[in-house]
Amino acid sequence: MKSYKISTKCVQAGYTPRNGEPRQIPIVQSTTFKYDTSEDMGKLFDLEASGYFYTRLQNPTNDYVAAKIAALEGGTAGMLTSSGQAANFFALFNICECGSHIVSSSSIYGGTFNLIAVTMAKMGIEATFVPPDCTEEELNAAFRPNTRAVFGETIANPALTVLDIEKFAKAAHAHGVPLIVDNTFPTPVNCRPIEWGADIVTHSTTKYMDGHGAAVGGAIVDSGKFDWMAHADKFPGLCTPDDSYHGITYATKFGNGAAFITKATSQLMRDFGSIQSPQNAFLLNLGLESLHVRMPRHVENGQAVAEFLAAHPKVNFVNYSGLPTDKYYALAQKYLPNGGCGVVSFEIKGGRTGAENFMKRLKLAAIETHVADARTCCLNPATSTHRQMTDEQLREAGISAGLVRMSCGLEDKEDLIADLRQALED
Ligand SMILES: *Cc1c(COP(=O)(O)O)cnc(C)c1O
């Protein structure tokens with residue numbers, strides 16, 4: 001599979017049926033698995049053999065789909081989680097503990113911001129947020145001796161800033177820690193962060209990967225490139241024996257290619273139990289089979305809508321990295337040469353009320369707390385997803401009160417533009 005193009009991987013990676021087996025991935029709708037002897041099962045518990053024993057930790061359906069996502073991202077191992085939130089929490093908590101510190105881009109999804117700034121802080125994990133456009137000096141100054149990870153989003157939701165992945169990877173590696181990139185918006189069809197130096201990639205598969213608004217889910221992919229043992233003092237969880245697994249040292253027993261995902265599965269999934277249901281994994285795989293066909297259409301519609309809005313007198317500004325006037329155009333040309341995604345954000349004249357009135361008049365685009373599915377939808381972040389944030393935090397995340405986030409679906413772009421045009425008239 002490795003040598004095939006991304007489109008072929010979308011369709012076929014992860015599951016190769018043998019003679020007489022089902023062509024489509026089977027949904028293994030079973031909580032548990034049967035063994036002939038306790039000895040056989042004991043080997044699984046000791047991580048001496050691979051296999052399944054309980055779906056809270058692993059399930060074959062999930063593993064087929066995780067293997068496909070790992071292949072798409074160019075990683076060595078992958079796992080599915082119940083949601084994107086669980087994916088980001090696991091990716092961070094797998095290498096952080098009480099007393100650790102995270103350097104994160106300030107331009108990230110509101111849920112992830114709360115996770116890092118509030119919930120993980122309660123666990124004794126501190127964070128420093130840096131603007132994605134900070135200089136290398138500012139970025140390096142954010143590190144502390146206890147920094148264990150750097151975090152950012154390829155295209156941030158909802159600010160649509162583009163992460164300079166190489167800059168963040170360079171700083172992370174100079175400080176002996178991995179870069180974790182949430183690649184939800186571009187998907188591996190439009191950007192593969194591992195190729196630019198990211199070590200771990202996460203996804204809310206709820207978005208384009210599923211693509212139909214059908215199933216909440218998440219995924220983590222390990223590049224296999226980070227040398228844990230070279231920084232053993234920083235990552236005791238991976239580099240010293242795990243008492244809860246009979247003294248296994250993940251980094252030495254499973255190597256750089258598999259240590260991270262094995263630990264996240266056997267420890268975090270065991271203890272937190274945020275597994276994706278096999279049914280959802282099956283739906284996710286249906287989405288992945290057409291991801292490479294859908295993404296260019298989302299980009300085409302996003303570009304057309306962004307261009308229309310940018311020229312409209314009732315619109316103050318448009319954020320879309322495919323517009324040559326956009327602040328992130330140059331970075332997008334580098335990291336997203338085929339386009340980023342179908343999400344456009346813009347500020348309507350008249351602030352909060354202007355945005356509210358405009359959204360009320362839309363006929364095709366529905367008001368939803370969602371992005372990145374087949375149907376066009378929109379949202380005013382300040383009054384919905386980001387309402388917990390203070391005005392200052394909103395500003396740092398690049399969100400104004402009148403900002404509308406519009407996720408362009410797979411409809412005809414002329415119909416989308418006609419809908420916008422009538423909603424902007426009055
Ligand atoms: C939606 C989203 C998340 C959270 O994912 P859920 O599946 O809703 O838990 C995380 N990161 C980004 C960039 C997102 O868009």
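When only alpha carbons are used to place a centre, segment 141-160 and segment 249-321 end up 17 Å from one another. Per residue, the chain exposes an accessible area of 41 Å² to a 1.4 Å probe, with every protein chain left in place. Couplings for segment 330-347, taken from phi via the Karplus curve 6.51 cos²θ - 1.76 cosθ + 1.60 with θ = phi - 60°, read 5, 5, 5, 4, 6, 8, 10, x, 9, x, x, 6, x, 8, 10, 10, 7, 10 Hz in order; Gly and Pro are left as x. For the chain, the longest principal axis of the alpha carbon atoms and the long axis of helix 250-263 meet at an angle near 40°.
By the rule of a C-alpha distance below 25 Å, with chain neighbours fewer than 8 residues away ignored, the lysines paired with LYS167 are LYS225, LYS234, LYS327, LYS334. Calculated [222 nm] ellipticity per residue, helices only, for the chain: -10000 deg cm²/dmol; basis is -39500 (n - 2.57) per DSSP H run with n ≥ 4, divided by all residues, nearest 500. Going by accessible surface with a 1.4 Å probe and the largest first, ASP46, ASP243, ASP271 read ASP243, ASP271, ASP46. The loop-placed trypsin sites (Lys or Arg not before Pro) in segment 1-76, going by DSSP, that have at most 15 neighbouring Cβ atoms within 10 Å of their Cβ come out as LYS2, LYS5, ARG18, ARG23, LYS34, ARG56.
Based on Cα contacts under 8 Å between residues 6+ apart, segment 291-425 shows a relative contact order of 29 percent.
Here the gap between LYS334 and VAL11, fully extended at 0.36 nm per residue and compared with their Cα-Cα distance, gives a gain of 113.6 nm.
Phi angles across segment 184-199 convert, under the Karplus curve 6.51 cos²θ - 1.76 cosθ + 1.60 with θ = phi - 60°, into 3J(HN,Hα) values of 4, 6, x, 6, x, 5, 9, 7, 10, x, 4, 5, 10, x, 5, 9 Hz, Gly and Pro given as x.
The accessible surface of segment 6-286, taken with every protein chain in place and a 1.4 Å probe, is 53 percent carbon and sulfur. Extension gain for the segment LYS122 to SER50, taken as residue separation times 0.36 nm less the Cα-Cα distance, is 22.4 nm to one decimal. Stretching the chain fully between SER30 and GLN422 yields a gain of 136.0 nm (0.36 nm per residue, less the alpha carbon separation).
In this structure, the amide hydrogen of GLU411, modeled 1.01 Å from its nitrogen in the peptide plane, lies closer than 5 angstrom to those of THR376, counting only residues at least 5 positions away or on a different chain.
Quick check: the distance between the Cα centres of segment 77-115 and segment 360-426, to the nearest angstrom? First find each Cα centre; the distance between them is then 26 Å.
When +1 charges are put on Lys and Arg Cβ atoms and -1 charges on Asp and Glu Cβ atoms, the dipole computed for segment 37-169 relative to its Cα centre reaches about 340 debye.
Angle of helix 413-424 to the longest C-alpha principal axis of the chain, folded into 0 to 90 degrees and rounded to 10: 60°. Taking all Cα pairs closer than 8 Å and separated by 6 or more residues, the relative contact order of segment 6-286 comes to 23 percent.
HIS173 sits with roughly 80 Å² accessible to a 1.4 Å probe, with DNA, RNA and ligands left out of the calculation. Against the longest alpha carbon principal axis of the chain, how many degrees, from 0 to 90 and to the nearest 10, is the axis of helix 351-361 turned? Roughly 90 degrees, rounded to the nearest 10. Considering only alpha-carbon pairs that sit under 8 angstrom and 6 or more positions apart, the relative contact order computed for segment 367-422 is 41 percent. 3J(HN,Hα) along segment 203-208, derived from phi through the Karplus expression 6.51 cos²θ - 1.76 cosθ + 1.60 where θ = phi - 60°, amounts to 9, 8, 6, 3, 8, 4 Hz, with x in place of Gly and Pro. Figure note: MET1, MET406 ranked by solvent-accessible area, largest first, 1.4 Å probe, ligands and nucleic acids not counted: MET1, MET406.
The values are calculated or read from the model by the stated rules, or taken from the named source; none is laboratory data. Note that the coordinates shown come from a computational prediction; the quantities given were computed from them, not determined experimentally. Positions of Cβ are generated from backbone atoms using ideal geometry, with glycine treated the same way; all protein chains shown enter the neighbour counts. Calculation scope for accessible area: heavy atoms of the full protein, side chains included, ligands and nucleic acids excluded. Shrake-Rupley method; radii C 1.70, N 1.55, O 1.52, S 1.80 Å.
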